[in-house]
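Notes to accompany the following structure.
The values are calculated or read from the model by the stated rules, or taken from the named source; none is laboratory data. Just so you know, these numbers come straight off a predicted model, no measurement behind them. Note: ideal-geometry Cβ built from the backbone for every residue, glycine included; neighbour counts use all protein chains shown.
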Amino acid sequence: MKKLKNDSLNAGKCANIQIWTFKDGQWTPLADEKGNPYFIFLSFVHGYDRNTYQVLDYNWPTRS
C-alpha cells in the first residue's frame, strides 16, 4: 500500500472493498499470484455523498 497523508484518512469517510471466496470450508480473501489480497481503498470527500470518492490505493484483478 502506498504511503498516504494523515489528512487523507478518516475512519468515518473511508471504505475498503475486498474480494472474498469460500475455499476449503472457510472465507478467505482472494489474492493475486504473489499472495497480496485484492482490494480498493476509497476516501470520500463528503461521507454522506457516495459520489465524492477518491481511490487512494488498490490491488484489483485486470483482464490480460
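Tabulated data
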quantity	calculated
When residues of segment 34-64 are limited to those that are charged (D, E, K, R) and touching a Phe, Trp or Tyr at 6+ places or on another chain (Cβ under 9 Å), the one farthest from I19 (Cα to Cα)	R50
Among the residues listed as L42, L9, the single one being among the hydrophobic types (A, V, I, L, M, F, W, C) and either on the phi > 0 side of the Ramachandran plot or at pLDDT 80 or above (or both)	L42
Within segment 28-56, tally of residues that are surrounded by 15 or more Cβ atoms within 10 Å (Cβ to Cβ) and under 12 Å from the mean Cα position of the chain (by Cα)	7
